Amino acid sequence: MQAAEREDQDRLERMMRLHGDALVRMCYLYLHDFALAQDAAQETFVKAWRRMGDFRGACSERTWLMRVAINTCRDIHRTAWMRHVDRGTTLDSLPEAGAEDAHPDGEVLKAVMALPRREREAVLLRYYQEMTLEEAAQALGISQSAVKQRLQRANRRLRERLKEWYEDA
């Protein structure tokens, strides 16, 4: 094996260790199926391996991988098979997030998952994956102001949906 190939392989293994769990969680929230999420994360790493030389470092590896994962999940959603299968997410089957849910009844997560795709993606990247606005914008391929707008729209929708749930909303 040549030195460059070995270096790429080491880099990929490191990325898998560092970002694999976060990618599976993100894909799961997107696809509502743990096996599909694992497949999507694996496909993300295959795509990353193939395009390793094209990564320019304009963003972090994590941001780049999240963008690839989101596009992979979108591709999966476009398949005819996905249009004919019920993929409802049950709260008991969600993989563990990085932080404990302050609201164990899951109402906030249900409300987030009911958001339109664009707003849901922004919320998941910004708050669930704890990305900065810049990282979320890079992962989505949009401007920071567009991410802010999506987050503001999501906030309005969530406030409306959860207004009876919160006393001070």
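For a quick protection proxy, order the peptides 38-45, 70-77, 149-156, 7-14 by their average other-Cβ count within 10 Å, most packed first.
With the highest mean Cβ count within 10 Å placed first, the list reads 38-45, 70-77, 149-156, 7-14.
Which distance in nm do the two modelled labels at Arg117 and Ala3 give, with both placed 7 Å along the Cα-to-Cβ direction?
Taking the two extended label points, one gets 4.5 nm.
Using θ = phi - 60° and the Karplus form 6.51 cos²θ - 1.76 cosθ + 1.60, what ³J(HN,Hα) does each residue of region 117-124 get, whole Hz, x for Gly and Pro?
Each residue's phi maps through the Karplus curve to give 3, 4, 5, 4, 4, 4, 5, 5 Hz.
Bear in mind these aren't lab numbers, they're just calculated from the coordinates by the rules spelled out. Given the structure is predicted, the values throughout are model-derived calculations rather than measurements. Cβ atoms come from the backbone with ideal geometry, glycine included; neighbour counts cover every protein chain shown.
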